[in-house]
1. Has the stretch 129-152 got any residue that is under 18 Å from residue 71 (Cβ atoms) and assigned to a helix (DSSP H, G or I)?
2. Can you tell me which of (1) surrounded by 15 or more Cβ atoms within 10 Å (Cβ to Cβ); (2) of a type in the set (Gly, Ala, Ser); (3) in a loop (DSSP other than H, G, I, E, B) is the one residue 40 doesn't meet?
3. Which pairs do you get when a residue that is touching a residue at least 40 places away in the same chain (Cβ under 8 Å), found in the stretch 180-192, comes within reach of a residue that is surrounded by 10 or more Cβ atoms within 10 Å (Cβ to Cβ) and of a type in the set (S, T, N, Q), reach meaning Cβ atoms under 7 angstrom, with the pair 6+ apart or on two chains?
4. Consider residue 34 carefully, then state whether it is at pLDDT 95 or above, assigned to a loop (DSSP other than H, G, I, E, B) and hydrophobic (A, V, I, L, M, F, W, C).
5. Just a yes or no: is a residue in the stretch 126-149 more than 20 Å from residue 93 (Cβ to Cβ) and among the small types (Gly, Ala, Ser)?
6. Of (1) among the small types (Gly, Ala, Ser); (2) more than 23 Å from residue 141 (Cβ to Cβ); (3) at pLDDT below 95, residue 100 satisfies all except one. Which?
7. Just the residues that are surrounded by fewer than 16 Cβ atoms within 10 Å (Cβ to Cβ) and under 16 Å from the mean Cα position of the chain (by Cα), please, taken from the stretch 186-201.
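The values are calculated or read from the model by the stated rules, or taken from the named source; none is laboratory data. On a predicted model such as this, the values are computed, not experimentally measured, just so you know. Positions of Cβ are generated from backbone atoms using ideal geometry, with glycine treated the same way; all protein chains shown enter the neighbour counts.
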Amino acid sequence: MLLSPKTRLLFIGDSITDCGRKRPVGEGDGPRALGHGYVSLLQAAIFAAYPDYALQILNTGVSGDTVHDLRARWTPDVLSLRPDWLSIFIGINDVWKHCAPWGEVESANGLDESIAMLDELVVRTQPRLSGLILMTPYYLQPERTDPTRQAMDRYGAGVRRLAEQRGAVLVDTQAAFDRVMSWIDPFELAEDRVHVGQTGHLVLARAVLDALGFDWSRIPPSLGKGER
């Protein structure tokens with residue numbers, strides 16, 4: 001796995017990361033400490049598979065955030081916490097902000113500006129880090145000609161370019177959900193096509209862990225009858 005023992009890993013983003021996490025900083029293994037979403041599931045898998053690593057996982061996601069909101073709280077919610085690794089999962093609200101009610105993008109320049117602002121945060125922070133994770137936003141619409149899906153894909157392409165340019169670990173959440181939507185109706189994952197339940201959060205957690213080279217064989221198997 002790319003993470004080293006005693007790594008401090010911080011997740012920041014919008015409501016998909018927030019998920020009711022503890023304030024001011026979500027931390028620990030207690031009920032709802034990290035929220036009820038992918039960050040909590042990811043921590044559970046790491047703690048079960050790599051108990052000897054003694055990782056510290058933090059969550060400072062805030063519901064409704066755009067990249068502009070992240071920039072406004074970057075010092076207290078990222079820099080002052082001194083993470084070794086940082087995961088940024090943002091973009092859904094940026095896309096919605098620049099979309100008309102019928103889904104068409106009103107300001108293409110607005111999406112480009114959001115990506116540029118994200119790059120600004122990356123450049124500002126990366127020298128302090130051992131590693132960086134960039135997660136693309138997603139929209140649970142299998143039809144790629146849908147205007148909102150196209151806008152989200154455009155934003156995701158920008159995140160992918162940043163990951164390549166800055167040497168970050170890329171987590172393509174849209175690709176992960178596209179595979180699942182081959183079998184599961186998107187409305188079963190999220191009625192609004194964004195705010196997923198536990199199945200969707202497990203998809204996200206798995207996508208991050210796979211990108212980090214997580215060794216699933218390290219999770220102890222359950223004991224069968226007669227093996228106790």
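1. no
2. It is condition (3) that residue 40 fails.
3. 186/141; 189/199
4. Numbers: at pLDDT 95 or above: yes; assigned to a loop (DSSP other than H, G, I, E, B): yes; hydrophobic (A, V, I, L, M, F, W, C): yes.
Spelling it out, residue 34 is indeed at pLDDT 95 or above, assigned to a loop (DSSP other than H, G, I, E, B) and hydrophobic (A, V, I, L, M, F, W, C).
5. Kept after step one, since they are more than 20 Å from residue 93 (Cβ to Cβ), are these residues of the stretch 126-149: 126-132, 142-145.
Next, only the ones that are among the small types (Gly, Ala, Ser) stay: 130-131.
Yes, the conditions are met somewhere in the stretch 126-149.
6. If we test residue 100 against (1) among the small types (Gly, Ala, Ser); (2) more than 23 Å from residue 141 (Cβ to Cβ); (3) at pLDDT below 95, just (2) comes out false.
7. Filtering the stretch 186-201 down to residues surrounded by fewer than 16 Cβ atoms within 10 Å (Cβ to Cβ) leaves 187-188, 191-192, 197-199.
Those that are surrounded by fewer than 16 Cβ atoms within 10 Å (Cβ to Cβ) and under 16 Å from the mean Cα position of the chain (by Cα): 197, 198, 199.
Table: residues versus (1) at positive phi; (2) touching a residue at least 40 places away in the same chain (Cβ under 8 Å); (3) of a type in the set (Gly, Ala, Ser).
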position: 17; (1), (2), (3): no, yes, no
position: 34; (1), (2), (3): no, no, no
position: 44; (1), (2), (3): no, no, yes
position: 52; (1), (2), (3): no, yes, no
